[in-house]
Amino acid sequence: MEAVYKTPDTLIDTPTHYCPGCGHGVIQRLIAEIIDEKKIKGDTIGIAPVGCAVLAYNYLDIDMCEAAHGRPPAVATGIKRVHPDKVVFSYQGDGDLAAIGIAEIIHTANRGENITVIFVNNAVYGMTNGQMAPTTLLNQKTLTTPQGRSEQCDGAPLRICELLSVLDGSQFVARASVTSPKNIIKTKQLIEKGFKTQIQKKGFSLIEVLSPCPVYWRMNSVDSIKFIDEEMVKTFPLGIFKDWESQN
Amino acid sequence: MMLTDENKKYLLTGNEACAEAAIQAGCRFYYGYPITPQNEILTHMAVRMPQVGGTCIQVESELAAINMVHGSAAAGARAMTSSSSPGISLKQEGISYLAGSELPCVIVNVQRGGPGLGDISPSQADYFQAVKGGGHGDYHTIVLAPGSVQETADLVFDAFDLADRYRNPVMILGDAQLGQMMESVEFNKKSEPNSYKKEWALTGANGRKRNIVKSFFPVRGELEEFNAKLQEKYNLIKSKEVRYEEINTENADIVIVAYGTCARICKEVIMKNKLPDIKVGLLRPITLWPYPSQVIQEIAEKVQAILTVEMSAGQMVEDVKLSVLGRCPVHFYGRTGGGIPSPKDIIKKIAEIISLKENSTCMT
């Protein structure tokens, strides 16, 4: 019988360390599927961030490098400049990319660095038990916003796709979520497009993925999915913000 | 614009010589941010790297620079960044990650006065930061201290080799004086840079098992084991790579210990010794880590006193004392904040040490 669904070759078959209901496993599986389909397993180099996804290399069977908190785009730049023909991607969370690493992501995009960034936005610092992230919603309760995020005190959530899409160096910038099979398929298409952007040497690509963190949202998995579909998308609308193919 | 010929002498600043030597050592990836007094390294690289097919990026921050070095080093290339004291402080986290990931690279610190914004004058006040770790965790960088423009070029060439041989960051610890002054320099390295097989490097896992470059060891016991391995490497470096220069230390009454710019000044003191009854020698550490403790200990057995001269409030003198371990008195003369010791000041200090000794003899 033909197997129509199996563990991707690039995905290591091992117990996961991610919490129940977490989106990282889904997103990393999508990356593995794309690497398999594009037959680039031996030509891809990934960068793991500080945070929950630091152990991404336990799941993705490719050359990988850790980076200091916030610095994956700089490390990716250093690797890509040495190996311009390899596919180089960084995998980053919202604290990593949008707080401590905001300078690196803006300048890397602005240089038009030919890399792909997978930006996992779960609106919270998961690894450290659930503090406010730059992408935490207004009024969202976290350990450090016990009364809910206040615009006056903490500012409003940072919209990374909107911010980066105005830079000339950005070639493909899109936001998706992993809340339903339909959205997961869409996420895969967008990440694939990001890799295509890089392989065709068009320049910088970033795919933001809205992803649930039930444990540190203190919600069950079903409510977490609802939270993304009903609340997060109001602040972080899904869609394509910049696409080199639809520009002249 | 400059293309170097072998056996031809060039009149260059220390900074330019440093940059050119890096290129000749096979460095093709340089990342830098402007800061005085090391700007000539960045500007030289901006001209030369495109000529040799290399990459020079003027980065958005020192953090980006050191982490791009991390990436290029992980990818198997010879990479370098340079800065001056405040910028080097910013790079410290990255240097710790490089050491923890066992990545070879070269970091140049053209020291200026501190703390804080300080000034742009020569200083040696980053000694502690350079040799005692600087960033977090139990690690060492190999620290090389040139004393001339020529030696800057030679040590930069060697630094890349040491880095690759030990998979460890190497720091060139210069200062504003060495970086800015012009001297004649030859790039007459007869040998091509050694090439090292970097089987650990990230090149895409085609045809081999995949590689991971990391410094994270969350499983209990793994990190301690890794740290023990690092210490073993550091002990090997200590046993094999100590470098120093000795001048007139045989039969000396007093030996000065000084490095870099201060050692040049002390050489003049020795050459024009105006204290004919006192024999003065010089021990110049070239590696600040590993430190030439053994030879200092041997000298301490034979001399009346050791004088440490630094452009700091007293940093290397601690390592001198740890080497001497009470075998002889250790004196210190230092200037800070852009002050440079003059030969006259040093001679005065030596006379003072001698008179102290005579007085104490009278009293007994």
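Among A:Met232, B:Met45, a tally of other beta-carbon atoms within 10 Å of each Cβ gives an order, fewest to most, of A:Met232, B:Met45. FRET efficiency for the A:Lys234 to B:Arg264 pair, using the beta carbon distance and R₀ = 60 Å, is estimated at 0.35. Note on B:Asp119 and A:Gln200: with the Förster distance fixed at 51 Å, the Cβ-Cβ geometry gives a FRET efficiency of about 0.55.
In this structure, the amide hydrogen of A:Ser177, modeled 1.01 Å from its nitrogen in the peptide plane, lies closer than 5 angstrom to those of A:Thr187, A:Leu210, counting only residues at least 5 positions away or on a different chain.
Exceedance of the 31 Å cut-off in Cα-Cα distance is limited, within the set A:Lys193/B:Lys197; B:Lys267/B:Lys321; A:Lys39/A:Lys202, to A:Lys193/B:Lys197. Using +1 at the Cβ of each Lys and Arg and -1 at the Cβ of each Asp and Glu in the stretch A:5-161, identify which of A:Val26, A:Pro8, A:Ala133 lies farthest towards the dipole's positive end. Sorting the options by dipole projection puts first A:Ala133.
A crude spin-label estimate for the pair B:Glu298 and B:Asp138, with each label 7 Å from Cα along the Cβ direction, gives 3.0 nm.
Note on A:Glu162 and A:Asp36: with the Förster distance fixed at 41 Å, the Cβ-Cβ geometry gives a FRET efficiency of about 0.80.
Taken about its Cα centre, the stretch A:24-246 carries a charge dipole of roughly 240 debye when the Cβ of each Lys and Arg holds +1 and the Cβ of each Asp and Glu holds -1.
Summary value for the stretch A:38-102: 41 percent relative contact order, contacts being C-alpha pairs under 8 angstrom separated by 6+ residues. Report the residues of the stretch B:266-287 in range of a label on B:Asn251: point 7 Å along Cα→C-beta, backbone N strictly under 14 Å from it. Residues B:277-281 qualify, since their backbone N sits under 14 Å from the label point.
Shielding by partners for peptide B:22-34, expressed as the average number of C-beta atoms from other protein chains within 10 Å of each residue's C-beta, is 1.
Working from Cα pairs under 8 Å separated by at least six residues, relative contact order for chain B is 17 percent. Computed over the stretch B:245-363, relative contact order equals 28 percent, with contacts defined as Cα pairs under 8 Å that lie 6+ residues apart.
The angle between the Cα long axis of helix B:343-363 and the longest principal axis of the Cα atoms of chain B comes to about 50 degrees, rounded to the nearest 10. Highest mean packing comes first when the peptides A:1-12, B:299-310 are listed by Cβ atoms within 10 Å, giving B:299-310, A:1-12.
Between B:Gln231 and A:Asp9, the simple spin-label model (points 7 angstrom out along Cα→Cβ) gives 4.5 nm. Residue ranges B:83-95, A:194-206, B:221-233 sort as B:83-95, A:194-206, B:221-233 when ordered by packing (mean number of other C-beta atoms within 10 Å per residue, highest first).
Relative to the dominant Cα principal axis of chain B, helix B:222-240 is inclined by about 50°. Between the Cα long axis of helix B:149-166 and the first principal axis of chain B there is an angle of about 60°, rounded to the nearest 10. Specify whether the C-alpha gyration tensor of the stretch B:245-363 places it in the rounded, prolate or oblate class, a ≥ b ≥ c being the square roots of the eigenvalues: rounded for a/c under 1.5, otherwise prolate if a/b is larger than b/c and oblate if not. Because its axes are fairly even, with a/c under 1.5, the stretch B:245-363 counts as rounded.
We did not get these values from a lab; they are worked out from the coordinates using the rules stated. Note that the structure is a prediction, hence the values are computed from the model and not measured. Using ideal geometry, Cβ is built from the backbone for each residue, glycine included, and neighbour counts are taken over all protein chains shown.
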